[in-house]
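Chemist: Can you keep this structure in mind? I'll have questions shortly.
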Amino acid sequence: MSFRNRFAQYALIAFAGVVLAACANQKEPAATAISGIETAVNAASADASKYIPDQLADVKSKLGDLKAAFDKQDYKAVLAGAPAILSSAQALAASAAAKKDEIMKALSSDWTGLAASVPDLVSAVQSRVAILSKSKKVPAGIDLAAAKSGIADATSAWDKAKAAFAAGNLDEAVTTAKDVKAKAEAAAAARKLDRTTPAPAAK
Amino acid sequence: MMAENDNAAKPAAAPAAIGQFHEVQKGDTLSKIAEKYYGDPSLYKDIFEANKDVLKDPNKIFPGQKLRIP
């Protein structure tokens, strides 16, 4: 073997060694990059899944692609793609917090309106039901039993709404309060509270 | 005492979603109003109690008065 051929052979072996070493050197940083992204995703996951599910799914999908590249030992691709995905993952928490804040403000506004109107509505229905219960002849067309049942349900549900609000669960408080309003309105309809013409007295 | 107006008694539309109001017409008495809304004239006291801010005497109501029907 000539000196030239031997040199080429050594050079090839050396190059392969360098490539292998380079690959081995990139594996750990690639694994660390993926781990960092996973940490950021996990930290934001609770709120992100609730308030920005699409954004979370997008980041998870990209993370999945990175992992696939890692499994194929394409560490270069992992290291090239990781910074952008890490940035997206780190932005999840802030985006989720902003969306949560926006929703909480809307719910708070809803609650304020409901808290101002629902108790009066329930009270008005209760008052009428109490008076009608004393009547010797309930006017025709008034379903007193339905009104009593409806207002009992509404009163109970309103207590639950207030408890949810006191516990800081604004979402549940508003949902329950809306249900109370619907129940109270149904009870009001059952006793014809909002009729412009009163039901004729039963003869 | 009857209210002084020939118009037939008719309840006013509720000004808000909550509660109900009745505009007094001539010939109205609290008993008649109670009978219309509750089916029982003896329940006029409930209407009177709910309108004590505008009524001093249950026998004195006047056309045009808007009474809250509790």
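Chemist: Out of all the residues in the stretch B:2-22, which are open to solvent by 60 Å² or more (accessible area, probe 1.4 Å) and either modelled with pLDDT of 60 or more or outside any loop (DSSP other than H, G, I, E, B) (or both)?
Modeler: B:Lys10
Chemist: Let me ask something else. Can you find a residue that is open to solvent by 50 Å² or more (accessible area, probe 1.4 Å) and among the small types (Gly, Ala, Ser) anywhere in the stretch B:56-64?
Modeler: The answer is no; no qualifying residue exists.
Chemist: What single numbered condition from (1) at pLDDT below 95; (2) under 18 Å from A:Asp74 (Cα atoms) fails to hold for A:Leu12?
Modeler: (2)
Chemist: Which of the following residues is surrounded by 20 or more Cβ atoms within 10 Å (Cβ to Cβ), under 27 Å from the mean Cα position of the chain (by Cα) and part of a helix (DSSP H, G or I): A:Ala91, A:Ala40?
Modeler: Being surrounded by 20 or more Cβ atoms within 10 Å (Cβ to Cβ), under 27 Å from the mean Cα position of the chain (by Cα) and part of a helix (DSSP H, G or I) holds for just one of A:Ala91, A:Ala40, which is A:Ala40.
Rundown of residues vs (1) modelled with pLDDT under 90; (2) farther than 30 Å from A:Asp54 by Cα; (3) surrounded by 17 or more Cβ atoms within 10 Å (Cβ to Cβ); (4) not aliphatic (A, V, I, L, M), yes/no style:
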{"site": "A:Ser117", "(1), (2), (3), (4)": "no, yes, no, yes"}
{"site": "A:Pro139", "(1), (2), (3), (4)": "yes, yes, yes, yes"}
{"site": "A:Asp171", "(1), (2), (3), (4)": "no, no, no, yes"}
{"site": "A:Arg191", "(1), (2), (3), (4)": "yes, yes, yes, yes"}
{"site": "A:Ala202", "(1), (2), (3), (4)": "yes, yes, no, no"}
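Chemist: Kindly provide the set of residues from the stretch A:128-174 that are assigned to a loop (DSSP other than H, G, I, E, B), under 19 Å from A:Ala184 (Cβ atoms) and of a type in the set (A, V, I, L, M, F, W, C), ordered by number.
Modeler: Result: A:Ile142, single match.
Chemist: Across the stretch A:135-182, what is the number of residues that are without any contact (Cβ under 8 Å) to a residue 40 or more places away in the chain, of a type outside the set (Ser, Thr, Tyr), touching a helix residue (DSSP H, G or I) at 6+ places or on another chain (Cβ under 6 Å) and within 14 Å of chain B (Cβ to nearest Cβ)?
Modeler: Final tally of qualifying residues: 2.
Chemist: Moving to a separate point now. So is A:Arg195 surrounded by 19 or more Cβ atoms within 10 Å (Cβ to Cβ) and at pLDDT below 85 or not?
Modeler: No; evaluated as a whole, the condition is false for this residue.
Chemist: Okay, moving on. How many residues does the stretch A:94-115 contain that are in contact (Cβ under 8 Å) with a residue 24 or more places away in the chain, under 13 Å from the mean Cα position of the chain (by Cα) and either under 17 Å from A:Gly36 (Cβ atoms) or open to solvent by 50 Å² or more (accessible area, probe 1.4 Å) (or both)?
Modeler: Residues meeting the conditions: 5.
Chemist: Please work out which residue is farthest from the other protein chains (Cβ to nearest Cβ), limiting yourself to the stretch B:29-54 and to residues that are assigned to a loop (DSSP other than H, G, I, E, B) and surrounded by 19 or more Cβ atoms within 10 Å (Cβ to Cβ).
Modeler: Once the filter is applied, the top-ranked residue is B:Asn51.
The values are calculated or read from the model by the stated rules, or taken from the named source; none is laboratory data. Predicted model only: the values in this text are computed from it and were never measured. Every residue, glycine among them, receives a Cβ derived from its backbone with ideal geometry; neighbour counts consider all protein chains shown. These accessible areas exclude ligands, DNA and RNA; they are computed on the full protein's heavy atoms, side chains included. Shrake-Rupley method; radii C 1.70, N 1.55, O 1.52, S 1.80 Å.
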